[in-house]
1. Against the conditions (1) more than 9 Å from chain B (Cβ to nearest Cβ); (2) closer than 30 Å to residue B:59 by Cβ; (3) of a type in the set (Ser, Thr, Tyr), where does residue A:45 fall short? Just the number, please.
2. Of (1) over 30 Å from residue B:87 (Cβ atoms); (2) open to solvent by less than 40 Å² (accessible area, probe 1.4 Å), residue B:247 satisfies all except one. Which?
3. Could you tell me which of the residues B:100, B:135 is farther than 30 Å from residue B:219 by Cβ and open to solvent by 40 Å² or more (accessible area, probe 1.4 Å)?
4. Looking at A:155, A:123, which is the one that is touching a residue at least 40 places away in the same chain (Cβ under 8 Å), surrounded by 21 or more Cβ atoms within 10 Å (Cβ to Cβ) and either within 24 Å of residue A:10 (Cβ to Cβ) or touching a His at 6+ places or on another chain (Cβ under 9 Å) (or both)?
5. Can you tell me which residue within the range A:39-85, out of those that are free of Cβ contacts under 8 Å to residues at least 60 places away in the same chain and among the hydrophobic types (A, V, I, L, M, F, W, C), is surrounded by the most Cβ atoms within 10 Å (Cβ to Cβ)?
6. Considering the range B:26-45 alone, what residues qualify as being more than 8 Å from chain A (Cβ to nearest Cβ), surrounded by 18 or more Cβ atoms within 10 Å (Cβ to Cβ) and more than 13 Å from residue A:178 (Cα to Cα)?
7. Among the residues of the range A:148-204, what is the count of those that are hydroxyl-bearing (Ser, Thr, Tyr) and more than 13 Å from every other protein chain (Cβ to nearest Cβ)?
8. Looking only at the range B:169-200, which residues are within 17 Å of residue B:61 (Cβ to Cβ) and of a type in the set (Gly, Ala, Ser)?
Amino acid sequence: MKMANFRSTFRILRNSVILQMKSNVISSDFISTLFIQPVIFTIISVGTYLYGNKPDFGLFAITGTGLIAIWNNNLFTSGEIIRGERRTGTLSLIMATPSSLLLILLGKSFANAITSVFAMGITFLTGMLAFHLPIGISNPLAFLIGLILIIVSITCLGLVFGSLFILTRNAGEFVSVANFPVYILSGLSIPLTLLPLWTRPLSQFLTPTWGNIILNEAASGSGGNMLPNYLVIVGLSIIYLVIARILYKRVEYLALRAGTLEQW
Amino acid sequence: MRTNLRLFWSGARASWATYLVELTPTVYFGFRIPRILLQSLFFVLLAKAAGGEPFARFALIGNAIQIAVFMVMLSMEEVIEGEKWNDTFQYLIAAPANWFPNMLGKSMSYYGDALIASAVTFSVLVPVLHVNIAFMNLMRSIPVILIIIASASALGWCIGAFSLPIRYGFMICNLLAYAMIIFCGVNIPTSALPPAVQIVGNLLPVTHGLQAVRALVDGATYASVLPLIGKEILIALVYSAVAWLTFGYRLRVTRQRGTFELV
């Protein structure tokens, strides 16, 4: 890649990140899913386990809820980005510019993922304040590395959905339905052993599943060598990026062939 | 009376038309129904992980009703707020007709939608999760489920009327609907909650009605749950009155100040 290309790519990413963060600050939906929903979900999940006399599941429920919030924010905002561009009439313009929409989406999704890290802190804080759970992270470095990898990976997964959202006006409906299957299949706050065996391959293809394993092992100190799990997340991220790239190219082709985005 | 019925009917027709436009078969069967089932399934699985089959049964009854509550609250809030976003608020003010029957009519399709949500959840999740619920007992509880939906819709109207001048009505409704899973004893009994939370729960719709439904599903008689049903109806009436007064107040003040653009 030429230096000038690299610079322009970086500039597009940086500006997309900054613009999205500015939008997030004034978005009541983003603020509620980031600050309030994690509190409610933590209380429901931890409270249910405590009522069932399973306090050992407290930490599991908290990390699961944190990942729910991260995923929720990313998916929700991926849908909102496209819908927002469509509503403001800028989607076609962006597609027509030399800057790739995929790159802009990447920057915006990454901004959402970064800000959604707050949600993880909020779930831990809720667990400590509401239930007085003795929560500590046994291996903070492994936890931090895991969290960073998950954020990058979820961003890439968000891109896959973001590409699809270009061709539908039902992104909002899709977002509302796509949340819960991922919570369930990834075992976020619920053990995967409750699910039928045929769902396992689906679970393994989702990055929140591996993120959940890593964060739980790092937090409880029960994990051994974390490297294989890290590599799985990196591998999944690459797969998501490739899928997003293929999807986007297909979507771009369809849009250019039709000469409009209005029909979708 | 005839005029009010006509207003109600025209509102109901508008509601049905909006419903059909918003919910195409693709959206309904591709997104709406899966969402209804998956949201309930998540919370039921959570309860099952915490306490096995008895917890799952408890959570399934709670969540099958909560999903209806969730949907009807959001829809009712939107019915109110929709007047603002669709620029029809000024017509409500200017028209000599009574706004109440018209708005009630506009809510009708959403009541039906909520009832379907509950029915779908029970019909799919009970056999899938092998939960033991007697069919006839469930049928007997339908009138109470309708009361719960009506009382939750009153709360949705209330939030819509209160939040009309601001832009956060939908968000408030969404969060409150989730919070009601805690306060109203959807996943765990209210008796297991701290006293302060129980007080809040007792002041909200759904709590007493849900207790009545649970008892009826377990085979109790209507006579034994009448006090609970009575409380649910009372709460529904209070919220309805507050919503009616607040929305009426919004209309009156807007007319007096001529500031409907600011609503």
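1. Here residue A:45 meets the rest and fails (1).
2. (1)
3. Numbers: B:135 fails: farther than 30 Å from residue B:219 by Cβ.
Answer to the check: B:100.
4. Working: A:123 fails: either within 24 Å of residue A:10 (Cβ to Cβ) or touching a His at 6+ places or on another chain (Cβ under 9 Å) (or both).
Going through A:155, A:123 in turn, the sole match is A:155.
5. A:69
6. B:40, B:44
7. The total comes to 4.
8. At the first step, the residues of the range B:169-200 found to be within 17 Å of residue B:61 (Cβ to Cβ) are B:180-192.
Correct list: B:185, B:191, B:192.
The values are calculated or read from the model by the stated rules, or taken from the named source; none is laboratory data. Note that the structure is predicted; figures quoted are calculated from it, not measured. Reconstructed Cβ throughout: ideal geometry from the backbone, glycine too, with neighbour counts over all protein chains shown. Keep in mind that these areas ignore ligands, DNA and RNA; they rest on the heavy atoms of the full protein, side chains included. Shrake-Rupley method; radii C 1.70, N 1.55, O 1.52, S 1.80 Å.
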